[in-house]
Amino acid sequence: QVQLVESGGGLVQAGGSLRLSCAASGRISGIKSMAWYRQAQGKQREFVAGIIPNGTTRYGDSVRGRFTISRDNANRVFLQMNSLQLEDTDVYYCSFVSPGGDYWGQGTQVNVSE
């Protein structure tokens, strides 16, 4: 069973940067979109950023201008997070949408401190 694996989370001071990565453990054919979401305990999952095969990207209002989503030819997706704020503290999840179904990672924790 193919799984998504996120990495790159951690503790960073406000104003700092982190880069998250997500890769599939196996082959996923016909990926329609890749995205990052985040969720704090007790809150709804929030869309952060998404990218489709032609490179078109979309961002949530709270991160636009600070975060950048990208992908490579190996079907890995990345999230470059700059100017991090306390409010960015969350568990970040990657998601792939394909004709065969949707895939989700287990999440990576990002903590932003003062």
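The values are calculated or read from the model by the stated rules, or taken from the named source; none is laboratory data. Predicted model only: the values in this text are computed from it and were never measured. Note that we place each Cβ from the backbone using ideal geometry, even for glycine, and neighbour counts take in every protein chain shown. Please note that ligands, DNA and RNA were not included when accessible areas were found on the heavy atoms of the full protein model with its side chains. Shrake-Rupley method; radii C 1.70, N 1.55, O 1.52, S 1.80 Å.
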Subject >> DSSP beta bridges in the chain [antiparallel fraction, %, rounded to 5] >> reply: 90 percent
Original post:
Which stretch or stretches of segment 55-80 have amide N atoms under 20 Å from the point lying 7 Å from Phe47's Cα along the Cα→Cβ direction?
Top reply: 55-71, 77-80
Original post:
Can you pull the percent of the chain's accessible area that's carbon plus sulfur, 1.4 Å probe, other chains left in place?
Top reply: 44 percent
**OP:** Only Cα pairs under 8 Å and at least 6 apart count here; give the relative contact order of the chain as a rounded whole percent.
**Re:** 37 percent
**OP:** Given the peptides 105-111, 72-78, 33-39, arrange them by the average over their residues of other C-beta atoms within 10 Å, most packed first.
**Re:** 33-39, 105-111, 72-78
**OP:** Would you give the gap between the C-alpha center of segment 46-113 and the C-alpha center of segment 1-42, rounded to a whole Å?
**Re:** 6 Å
Original post:
Can you give the alpha-carbon Rg of the chain over 2.2 N^0.38 Å, where N counts its residues?
Top reply: 1.01
**OP:** Grab the beta carbon distance between Asn54 and Ser25, set R0 = 30 Å, and tell me the FRET efficiency rounded to 0.05.
**Re:** 0.75
